[in-house]
Structure formats: C-alpha cells, structure tokens
Amino acid sequence: MIVVRAEPSDLTRLIKFRTDTADWLRPKGIDQWSLPFPPEQMAASIARGEVYLFKEHAAADAAATVTLDREADDLLWTHEEQLEAALYVHKLTVDRAHAGTGLGARILDWAENRAVQAGARWLRLDAWTTNPRLQAYYLDQGFRHVRTVHDPEAGGSGWVAQRPARTKFGSDVALVDLTEKTET
C-alpha cells in the first residue's frame, strides 16, 4: 500500500467511504455516520493536508482513508489533556473489500509513527458511543479508554481513547508514505 494526501478531487470518494460504511452498519443496528458530514468541513481538512488515502498503487481506488490532525474537541478532551502534545485520528475508514486484512491496524501504526515524528506524546481518537465492536477493536489495538461523553453535541462520537505515541518498527513496512515528499 502507498499513502498519499487527499486532493480536492477526492472529496466524492471520501463521502462515499462514509455512506458505504453507514449502509454496512445500519442493518447491524448501529447508526454511526447516518447523518451526512458537511462536505465543506471535509474539503477544509483536505486543504490543510490532514486527509490521507491508502492505495494498492497510485492509480488504484483508495482502500482506506484517515484524517490526522492536532484538533482536540473541547467537548471530549479536558483542558489539561489538550495541553499534552497529541495527534488525533478521525474518520478512519477501510473499504469493505479490504476489511479483515489488518489494514486498519497498519494505518493506526502509521499514524502513531507520524505522532512520534511530530513530537506528540499521544495518539488519540474518538469512536461512536453505541458501537461496542469498534470500541473493542481500538482496545485490541492498544488504546486505553479515557471516558465516554454522553452529550448530544458530541454527535454520537463520545467514546474517547488514547495510546502512547511510540515508534512502531516494521509495522508500516507495507505502507509507502508518498506524503513525505510533499511536506514543507
């Protein structure tokens, strides 16, 4: 797999990741991502260089996506926690054709390596409050549950977790990061 930064032309594909996942979860009784995400917010993340695509090769359709930034949600993270250097994982989505291959775990390790490079102490995320399978997945990936925020403003995604940012040697060998060449 290769890692590339998303471009504005990828917005339609990023929206499709969300709708496909919502369609897959709905029959399981999980309403995650059932409400459309504002495309202008996703476009702004793309413009800031925070959205990444994972592909089998440069011309292939994206197999997965993640947004990685320094934006701590004030509703989810305390002021003291926000003072600690961290990178935040958002919208991690693996296409169903690539589910069960370990790609999600490799993306989390890649994100953690990025956190280390950025001098962050933590890799953090929030997950859907009513999706225990997703929460268990993150716990299996070494995240520690910090708290669950039950506030309508959290939009259903109030389960927050973190893991220490440490270099994952060998875990991202199969991910060729092409974004390094475009960073300033």
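Readers should treat all values here as calculations from the given coordinates under stated rules, not as data from a laboratory. Everything numeric here is computed off the predicted structure, so don't read it as measured data. Every residue, glycine among them, receives a Cβ derived from its backbone with ideal geometry; neighbour counts consider all protein chains shown.
Looking at the structure I just gave you, is residue 61 touching a helix residue (DSSP H, G or I) at 6+ places or on another chain (Cβ under 9 Å), exposed (fewer than 13 other Cβ atoms within 10 Å of the Cβ) and without any contact (Cβ under 8 Å) to a residue 24 or more places away in the chain? For residue 61, the condition - touching a helix residue (DSSP H, G or I) at 6+ places or on another chain (Cβ under 9 Å), exposed (fewer than 13 other Cβ atoms within 10 Å of the Cβ) and without any contact (Cβ under 8 Å) to a residue 24 or more places away in the chain - is not met.
Check 4, 89, 66, 51 and return the single one that is surrounded by 12 or more Cβ atoms within 10 Å (Cβ to Cβ) and farther than 25 Å from residue 156 by Cα. Being surrounded by 12 or more Cβ atoms within 10 Å (Cβ to Cβ) and farther than 25 Å from residue 156 by Cα holds for just one of 4, 89, 66, 51, which is 4. Are any residues in the stretch 62-71 within 19 Å of residue 43 (Cα to Cα) and either part of a strand (DSSP E or B) or of a type in the set (A, V, I, L, M) (or both), and if so, which ones? 62, 64, 65, 66, 67, 68, 69, listed by residue number. Pull up the stretch 72-98, narrow it to residues that are assigned to a loop (DSSP other than H, G, I, E, B) and touching a helix residue (DSSP H, G or I) at 6+ places or on another chain (Cβ under 9 Å), then point me to the one that is farthest from residue 124 (Cα to Cα). By that ranking, first place goes to 95. In the stretch 92-113, the qualifying residues are those that are in contact with a strand residue (DSSP E or B) (Cβ under 6 Å, 6 or more places away or on another chain) and of a type in the set (D, E, K, R), and the one that is surrounded by the fewest Cβ atoms within 10 Å (Cβ to Cβ) is 95. List pairs: first residue in the stretch 21-33 and touching a residue at least 12 places away in the same chain (Cβ under 8 Å) and under 16 Å from residue 65 (Cβ atoms), second residue crowded, with 18+ Cβ neighbours inside 10 Å and of a type in the set (Ser, Thr, Tyr) anywhere in the structure, Cβ distance under 7 angstrom, at least six positions apart or on different chains. Once the first residue is touching a residue at least 12 places away in the same chain (Cβ under 8 Å) and under 16 Å from residue 65 (Cβ atoms) and sits in the stretch 21-33, its partners that are crowded, with 18+ Cβ neighbours inside 10 Å and of a type in the set (Ser, Thr, Tyr) give 21/93; 33/21. Taking the conditions (1) farther than 24 Å from residue 2 by Cα; (2) within 16 Å of the chain's Cα centre (by Cα) in turn, residue 103 satisfies each one other than (1). Checking each residue of the stretch 79-91 against the condition of being in contact (Cβ under 8 Å) with a residue 40 or more places away in the chain and within 22 Å of residue 176 (Cβ to Cβ) gives at least one match.
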